[in-house]
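Inspection log for the structure reproduced underneath, given as structure tokens.
Read-outs: derived from the displayed coordinates by stated rules, not from any lab. Please read all numbers here as calculations on a predicted model, not as lab measurements. Using ideal geometry, Cβ is built from the backbone for each residue, glycine included, and neighbour counts are taken over all protein chains shown.
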Amino acid sequence: MQLTIHAAGDNVKAVSYLLAKNPGNLYERSQKGHLVRMFYSKFTDTELEMTIFVTPDPIELIQNSGNSYDITHYINDREFAVSSIFLSLIRSALGTALNGQPKEEYAEWVEHPFPFTFELGPVNTTLPDSQLRNLFEPMGYQVDITRPEIDYSFDLKEKSTVRTIRLSGEQTLKDALRHLFVLIPVIDDYKHYFIDEKEVEKVGRYGEGWLDQHPLRETIYRRALRFKEVYDLVENGEAEPAEAAAPAPLKKTSLNELRYAKIAETAAFLKPKSIVDFGSGEGKLAVKLGFIDGVEEVLAVEPSQVETMKALRRFEKVENKANFVEPKTLWGSLFYFDERLKGKDLMILCEVIEHIDEERLPKIFDGILHDYAPKSLIVTTPNREYNEVYDMDDNFRHDDHRFEWTRQEFRAWCEQRNHAGNYDIEFAGIGEEHPEQGFPTQMCVFQRKVNN
């Protein structure tokens, strides 16, 4: 993933001072296990071209995984697409230009417009080309969009979501970068992250002077902020974007945290002594389960070595261990029966089933309910209807989701899986409820009947 900045004309060398990067040096830094590199391919009195790009660090990846070929459902193309993650990795390198704070002797160039061309890609988005143009053209850019040439026996080009975007126009460097840092997350389809106070403040700061006048202002806020309660606060005039970061109106926690809290609360009500957290990941939920009164055993079952190592480090850092039952990590998969998991009081599948091919689920659930036969089972999964609140159209919330169900589909499926009638089942929602679309997360609790 890369961003190339090209400028031509008089005084273009001043751009290097705004970037605070020496054209004679290769800039290279490690950010979160990835390498960020910046270099100048052209630097003359009348032309400048600089590229900043990010690549995964293979050494870091091997050290983290312990296995250079560790394939899990966590792996996708996120490291290779220009996205919100890309911005988080290059923000530090471009901080001087973004903030408009070069050395004092070059401050006069901060508000000086240059004839820039910005090329970024690959971009993976479901937005049509016309919508991409509508995002950038109001700021004076000429927008050119190209798609990869795919030489197949059948034409995929019209269906491909991967594109390269080229923006040309006269802008100050600071304004142009701020346009990109607001609009790339709008383009990005990835929804699995929580927009906290700092992110809200950045939208307000980077959007100052242009965003409120943008004809797609509403769409930009909704897609950039993602969470409806934050968007409504700004849209209803109760606060400017920067003010929306105030602690009072944004005490809401992320959907992940709400989900873990609801599951832990439900688990405590069920009073289990033994719990199996299937697909436990890095152990965030397992930690909460370890603090439930009366629990004697928590088994954190996970197929990924990488996530298991993260979980072990998380367990070591837990405070107040006198009241904590440390989870035991187990390698495991829903596709393989494990005698050690039979007859436990509670089994949990938190955001797991949507990562499995739908046609394979009936056999898996027959194994859970009739072979493992826990006293209780908690299952959570996204509510597809709520995606409309996120302006996601027909997209899934994560690249690795095989399906997402409506509330009716989830209810019917759970009732069908209880075909032997051994369990009572109840449904609940997690997160902020929408009057029409329901809750973002739906939950089903199976409780084995007393005589079964």
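Odds and ends about this structure:
- The separation of segment 205-222 from segment 1-46, counted between C-alpha centres, amounts to 28 Å.
- Projecting label points 7 angstrom from Cα along Cα→Cβ for Arg133 and Glu326 puts them 6.1 nm apart.
- Förster radius 35 Å - calculated FRET efficiency between Gln101 and Arg313 (Cβ-Cβ, nearest 0.05): 0.45
- Rounded FRET efficiency, nearest 0.05, which uses the C-beta distance separating Lys363 from Trp210 and R0 of 56 Å: 0.55
- Using 0.36 nm per residue and subtracting the Cα-Cα separation, the extra length available between Lys271 and Glu409 on full extension is 46.8 nm.
- Span from the segment 345-411 Cα centroid across to the segment 254-320 one, whole angstrom: 19
- Here r is the Cβ-Cβ distance between Thr164 and Asn451 and R0 is 41 Å; the resulting FRET efficiency, rounded to 0.05, is 0.05.
- In this Cβ point-charge picture (+1 for Lys and Arg, -1 for Asp and Glu), segment 397-452 has a dipole of about 360 debye about its Cα centre.
- For Val298, distant residues with modelled amide H under 5 Å away: Ile275, Lys328
- Taking amide hydrogens as placed 1.01 Å from N in the peptide plane, the amide H of Phe114 sits under 5 Å from those of Gln171, Thr172, Leu173, each at least 5 positions away in sequence or on another chain.
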